[in-house]
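A short worksheet on the structure shown next.
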Amino acid sequence: MKNCLTIIKKELRRFFTDKRMVASIILPGLLIFVMYSIMGSVFSNIGSVSNDYTYKVYAVNEPETFSPLFKDLNIEYLDTEGLDVDLMKDAVRKEEVDLLIIYSGDFSNLNPSNETKPQIEMYYNSVRTESAAIFQTIQVLLNAYQNQLVGQVFYINNGIDFDLASDKEKSSSYIAMLLPFLLLIFMFSGVMAVVPESIAGEKERGTIATLLVTPLRRTDLAIGKIISLSIISLLSALSSFIGTMLSLPKLMQLQESTGLTNLYYSALDFIYIVLILCGVILLFVGLLSIVSAFSKSVKEATSYATPVMIVVMVVGIFSMFGNVSSNPFVYFIPVYNAVIALSAILSFEASTLTILITIISNVVYALLCGIILSKMFNNEKIMFSK
């Protein structure tokens, strides 16, 4: 038993005196806490509308008896005089107005015995969060009001969906929310599978020492490592990307009955996506190469890479907000720029300028990682640490 306690003390002392091992235990828990906190905030905000938001609504022939139902809602009723119904529908379709309500028939005598019942038509845009929210709220209020009366006294949309969002917009909204996150995880997983083995693995086996003592410039070694690993990782990412795009209709349950079987993206959109993937993979390879060069073994490199992966996941979650920034400076933020650029492409809101900024900035960051890696290769203490 005494010998057993001696071994326990020795192992615990070795662990707690090694700052790297202590950090590898603390960091994942800390980052998971941050990630889940952010995820909770994100998911609670998805589909919600700010309390101070003012809904823009067209109301045609609204009876006075209905006005008190909506008095607690923050609604701005727009002037409908002289406007054609088609123009008002077009404003909802273009997301300039949140809702169009048309009251048809006689609402002065609401009686279930009336053969001809008045009808309420509500036109909305399901892609726009505010439009879907006010549509659902008013529909609930109207249903509650009708339930207070005896029997069916008026119809609400009469069983017809008055969603003015196009199939293209519906399809892109789902894809833009999910795909950037999936691609980011697939790319990082592919990079994580090859980089630690190539650098930390060679350190662990001692084969990298042979390369370092040759006349080969260590800067060339660092750049060669990054480029070769990037090619392998890119092939893995492209495979994941193609598989995801082919399975996306089934994944999102876009059945023929919904009319959302088409993805509507052009060849240029896919070229932009691949170029963005190339830039991000170069950056991921650069980052994990630095982590691997700092590590003593593949196991240690993998443990250090886990917190980085959690950070990447947190960044990817931001794509679920569905917001595309028009501020070009945002596209200089590494990794995050790829998320919002992919969301913009998939939402048909991308600009050539922001895409170029995203690609070039990530390539520049990858080059900086290459410079840091070459300096690490030139540091004997780092490369020959035991």
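Just so you know, all these numbers are worked out from the coordinates, no wet-lab data involved. None of these values were measured; they are calculated from a predicted model. Because the Cβ atoms are built from the backbone with ideal geometry, glycine has one as well, and the counts that use them run over all protein chains shown.
Quick one: putting +1 on the C-beta of Lys and Arg, -1 on the C-beta of Asp and Glu, what dipole do you get for the range 55-165 around its Cα centre, in Debye to the nearest 20?
Details: 7 positive and 18 negative charges, 67 e Å.
I would put it at about 320 debye.
So for the range 323-382, averaging the separation of alpha carbon pairs under 8 Å that are six or more residues apart and normalising by length, what relative contact order in percent results?
Working: 35 pairs, mean separation 19.3, N = 60.
This gives 32 percent for the range 323-382.
If R₀ is 51 angstrom, what is the calculated FRET efficiency for the pair GLU96 and ALA193, using the beta carbon separation as r and rounding to 0.05? Provide the component values of the computation, followed by the final result.
Values: r = 47 Å, r/R0 = 0.93.
Once rounded, the FRET efficiency stands at 0.60.
Could you put PHE66, PHE188, PHE348 in order, starting from the residue whose Cβ has the fewest other Cβ atoms within 10 Å?
Numbers: PHE66 18, PHE188 25, PHE348 15.
Result, fewest neighbours first: PHE348, PHE66, PHE188.
Using 7 Å Cα-to-Cβ label points, what is the SER108/ILE26 separation (nm, one decimal)?
7.8 nm
So how do TYR53, TYR124 line up by other beta-carbon neighbours within 10 Å, fewest first?
In order of increasing Cβ crowding within 10 Å: TYR53, TYR124.
Could you check the spin-label model distance between ARG217 and LEU235? Points 7 Å from the Cα along Cα→Cβ, value in nm.
Simple spin-label model gives 2.8 nm for this pair.
Taking other Cβ within 10 Å of each residue's Cβ, how do VAL140, VAL364, VAL315 sort, fewest first? Don't jump to the answer; show the numbers that get you there.
On the way: VAL140 10, VAL364 15, VAL315 22.
Taking fewest neighbouring Cβ atoms as first place, the list is VAL140, VAL364, VAL315.
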